[in-house]
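Worksheet: the structure to be examined is printed underneath.
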Amino acid sequence: MYLSAMTATALKTEPAPPALQLEEIRHRYGRVLAVDGVSVSVAPGEVLCLLGPSGCGKTTVLRIAAGLEPLQEGTIRLSGVTIAGGGVEVPPERRGVGLVFQDYALFPHLDVLDNVAFGLTGWPAADRRARADEVLALVGMNDYAHAFPHELSGGQQQRVALARALAPRPRVVLLDEPYSGLDARLRDRVRDEVLHILKASGSACLMVTHDSEEAMFMADRIAVMRDGRIVQEGTPVELYCEPVDAFVASFFGEVNRIEGVVHGGAVETPIGIIPARGLQEDTPVTVVVRPEAVSLQPWGPAYADDPGGVVEQARLLGRTSLVHMTVTAPGQTDWSVHLHARVPGVYLPRPGARVRIQIDPAQTFVFAD
Ligand SMILES: Nc1ncnc2c1ncn2[C@@H]1O[C@H](COP(=O)(O)OP(=O)(O)OP(=O)(O)O)[C@@H](O)[C@H]1O
């Protein structure tokens, strides 16, 4: 086929529209403003996780994207085409979107195979069967092809629901806590498989979770939500290493918090002087220190001027050990904080032992209160 030079240039330079784009979504349940101006886009082949605590509005965003909740305000586009907003409202079954929702149940009167094949309308019979078998094998459920949903555990039903959503190779997949019914070992395997399936299929995925580790495992980008709004969006590395506030920092694992006040561009604390760039004199602040930012060494006389802690408890958690300490400011007896350190491997100093502490500044943050 002949393309004019101009068309060819346009084809080369025109970026593909997002597979899914939500713009300024607002949603009320009666007087509750559940979603307050959420905008996100997911590129083809990208996995974006909405991460936030219970009640922050993330499921509502996903339900609106799916069409399970009518859009009240905003616009939704699929590959650049408006499917909801401005008087348009395409019903869920015509959006070409794969859904795995807690309440989007399997069809009770169909067996597992037929549930999975259901969405493959228009496929030749042999291809439907082959594709259904293929996705059931991917989620480890091909032995149950002829079982009915009521004969399966919650976790097994969830795997079938995943297979059903992925079978038609949709452009966009919406997942709401898709692994919540699975035990830890199965969850690790299934989510690993789902990630590979999504990446191989090129489907864009918007996933909701309250579990930061799950979000970091799955996501190319994460949008953290609080009270109906997105408070920070970025790659997992950006969110972990440059959180915008203590809420985001603490969402990526338990943190130590130390209250203080900025003096001369820094905050003096029992664990040392922490730089507080860009914050005004006398600003009350919270210093956030990840437990993995704290490294420990047995105490020695050479460390007399360094911050030191007295161990209260030490527990092995598997790959890491968690050490609870009281840290007292050098040269003072009545200014101390309780601090947790997470150290690799088995490191279990006995209660009462003195340890020298060092803090990794890259994992220590100062936020104005
Ligand atoms: N059908 C409904 N009717 C009334 N209020 C609702 C409804 N669904 C959700 N809400 C309210 O809207 C807010 C957001 O709920 P949503 O389920 O979207 O949050 P979430 O972040 O997904 O929480 P969870 O992780 O617990 O599912 C909450 O305050 C919730 O109580």
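Taking the highest mean first, how do the peptides 237-246, 19-28, 289-298 order by number of other beta carbon atoms within 10 angstrom per residue? Kindly include the intermediate steps, with their values, before the conclusion.
Numbers: 237-246: 16.7, 19-28: 20.2, 289-298: 18.7.
Per-residue mean Cβ counts within 10 Å order the peptides as 19-28, 289-298, 237-246.
Relative contact order (percent) for the chain, with alpha-carbon contacts under 8 angstrom and 6 or more residues of separation?
Worked out over the chain, it gives 15 percent.
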Of the residues 272, 293, 22, the Cα lying farthest along the dipole of the chain towards its positive end, which is defined by charges on the beta carbon of Lys, Arg, Asp and Glu, belongs to 22
Please turn the phi angles of region 233-247 into ³J(HN,Hα) values with the Karplus equation 6.51 cos²θ - 1.76 cosθ + 1.60 (θ = phi - 60°), one per residue in order, whole Hz, x for glycine and proline. 9, x, 6, x, 5, 4, 5, 6, 8, 9, x, 7, 7, 5, 4
Listed by chain and number, the residues whose amide H is under 5 Å from that of residue 172, excluding neighbours fewer than 5 places away on the same chain and using placed H, are 98, 204
Just how large is the dipole of region 16-246 about the Cα centre, in debye to the nearest 20, putting +1 at every Lys and Arg Cβ and -1 at every Asp and Glu Cβ? 500
Order by neighbour count: 93, 134, fewest other Cβ atoms within 10 Å first, most last. 93, 134
Can you tell me the Rg and the Dmax, both Å, for the Cα atoms in region 222-278? 13.5, 37
Provide the net charge surrounding residue 325, with neighbours chosen by a C-beta distance below 10 Å and charges set as Lys +1, Arg +1, Asp -1, Glu -1. 0
Pull up the DSSP beta bridges for the chain and report the antiparallel fraction as a percent, rounded to 5. 80
Top positive-direction residue, dipole computed over the chain with Cβ charges, set 42, 311, 112: 112
Amide H within-cut-off set for residue 276, under 5 Å, with H built and near neighbours excluded: 266, 267
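For region 59-148, state which chymotrypsin sites (Phe, Trp or Tyr not before Pro) are in a DSSP loop and have at most 13 other beta carbons lying within 10 Å of their beta carbon.
On the way: sites: 101, 104, 118, 144; in loops: 101, 104, 118.
Sparse-neighbourhood loop chymotrypsin sites (Phe, Trp or Tyr not before Pro): none present.
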Placing +1 on each Lys and Arg Cβ and -1 on each Asp and Glu Cβ in region 115-204, then taking the dipole about the Cα centre, the residue among 200, 138, 152 whose Cα reaches farthest towards the positive end is 200
Residue-wise, which Karplus ³J(HN,Hα) couplings in Hz belong to region 315-331, taking 6.51 cos²θ - 1.76 cosθ + 1.60, θ = phi - 60°, and x for glycine or proline? 10, 7, 9, x, 6, 10, 10, 10, 10, 9, 9, 10, 10, 10, 4, x, x
Check residue 47: other-chain or 5+ apart residues with amide H under 5 Å from its amide H, H built from backbone geometry? 205, 220, 221
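By count of other Cβ within 10 Å, fewest leading, how are 218, 325 ordered? The partial results should precede the final answer.
On the way: 218 24, 325 27.
Listed from fewest to most nearby Cβ atoms, that is 218, 325.
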What relative contact order, as a whole-number percentage, does region 165-244 give when Cα pairs under 8 Å and 6 or more residues apart are counted? 24
What is the Cα coordinate range of region 122-228 on the first, second and third principal axes, sorted by size from largest, in whole angstrom? 46, 29, 23
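Report, in cubic angstrom per residue, the convex hull volume of the C-alpha atoms of region 16-246.
Working: hull volume 30.5 nm³, N = 231.
In region 16-246, the Cα hull volume divided by residue count equals 132 Å³.
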Across region 288-369, what fraction of all alpha-carbon pairs, as a whole percent, falls in each successive 10 Å bin from zero upward? 19, 50, 27, 4
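Since every read-out is calculated from the coordinates, none of them should be taken as a lab result. This one's a predicted model, so the numbers in the text were calculated from it and none came from an experiment. Note: ideal-geometry Cβ built from the backbone for every residue, glycine included; neighbour counts use all protein chains shown.
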